[in-house]
Amino acid sequence: MSVNAELRAFFDRRQEQIPADVRAVMRRAARELAASGQAETALAEGAKAPSFTLPSATGRAVALDGLLADGPVVLTFYRGSWCPYCNIALRSLQQHHDAVTARGARLVAVSPQVSDESLSFAEKNELAFDVLSDTGCDTAKQYGLAHDLPDDLAAVYEGLGIDLHRSNAGHARTLPLPATYVIDRAGLIRWAFVDTDYTSRAEPADVLTALDALS
């Protein structure tokens, strides 16, 4: 099953559990974000990937330049471990991790949540790749991915028990769009997936095809 087929099946099941008024808020926010055109203005294929140095789940500083010195990088942005769609996508990437490394590439995931949250998620799901903390979405902003939640959607998340103020170190409203980039050793983005729809993600098979195209 493709990751997007799995995501769609989860979405359909999830809708039955969410009250109608909450679904209405989520759908309106999704329409507004899609209409903003942000997915089209985010960094895309052919752009230079902005450099960054971010802490890993264990507190180790990880720099994009250092990763690229060893080979291409698959860089994926996700909202946080509180997002079930993100969890499905990251578990799918983990299933393809060996195929990524066999192509000489490194896989790195970035979210705005604090390192402790990332560490818990990485350990629980036995992730073999680095999970980095982009507090305040400063790196996501450089890639054109950061956006602020509208007030009513932020209230919905809070009502669902999602404490973004805690997990994101006080930056409760700012999240990245789901995005995945394949970056070559020269630091150029050679393939990109960006979507305002957090229930849609890059297919690992497409990532592997993009890596194959580098050689």
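Observations on the structure shown:
- Taking 4.7 Å between C-beta atoms as the pairing limit, the chain has these partnerless cysteines: CYS137.
- Translational diffusion of the chain, µm² s⁻¹ [Kirkwood Rh, Cα pairs; Stokes-Einstein; 20 °C; 1.002 mPa s]: 123 µm²/s
- In the chain, helical runs assigned H by DSSP with n ≥ 4 each contribute -39500 (n - 2.57); averaged across all residues and rounded to the nearest 500, the mean residue ellipticity at 222 nm is -12500 deg cm²/dmol.
- Per the Cα gyration tensor, the stretch 87-215 maps to an equivalent ellipsoid with semi-axes of 27, 16, 13 Å, ordered largest to smallest.
- Long-range HN-HN contacts of ARG106 with modeled amide H, under 5 Å: VAL73, VAL74
- DSSP beta bridges in the chain [antiparallel fraction, %, rounded to 5]: 65 percent
- Paramagnetic label reach from ARG31 (point 7 Å along Cα→Cβ; backbone nitrogen cut-off under 20 Å): within the stretch 132-162, residues 148-157.
- For the residues GLY136, GLY71, GLY80, a GNM of the chain with alpha-carbon springs under 10 Å puts the largest fluctuation on GLY71.
- Under 12 Å, Cβ to Cβ, from VAL100 - net charge with Lys/Arg +1 and Asp/Glu -1: 0
- The chain: relative contact order in percent, alpha carbon pairs under 8 Å with at least 6 residues between: 29 percent
- With the simple model of a label 7 Å out from the Cα in the direction of the Cβ, GLU6 to LYS48 spans 3.7 nm.
- Full extension of the chain segment joining ALA213 with SER120 gains 30.0 nm, where the gain is 0.36 nm per residue of separation less the Cα-Cα distance.
- Near the amide H of VAL62, within less than 5 Å, lie the amide hydrogens of LEU54, SER56, all on another chain or at least 5 residues away, with H placed in the peptide plane.
- Cα gyration tensor, the stretch 37-105 - rounded (a/c under 1.5), prolate or oblate: rounded
- Prolate is the label for the stretch 4-77, because a/c, from the alpha-carbon gyration tensor with a ≥ b ≥ c as root eigenvalues, is 1.5 or above and a/b exceeds b/c.
- Spin-label zone in the stretch 12-55 - amide nitrogen under 13 Å from a point set 7 Å from the Cα of ALA186 along the C-beta vector: 46-49
- For the chain, the longest site-free run once GluC sites (Glu not before Pro) in DSSP loop states with at most 11 other Cβ atoms within 10 Å are removed: 17-125
- When you count the other C-beta atoms within 10 angstrom of each residue and take the mean per peptide, 201-209, 163-171, 176-184 line up highest first as 176-184, 201-209, 163-171.
We did not get these values from a lab; they are worked out from the coordinates using the rules stated. In this text the structure is predicted, and so the values were computed from the model without any measurement. All Cβ positions, glycine included, derive from the backbone under ideal geometry; neighbour counts span all protein chains shown.
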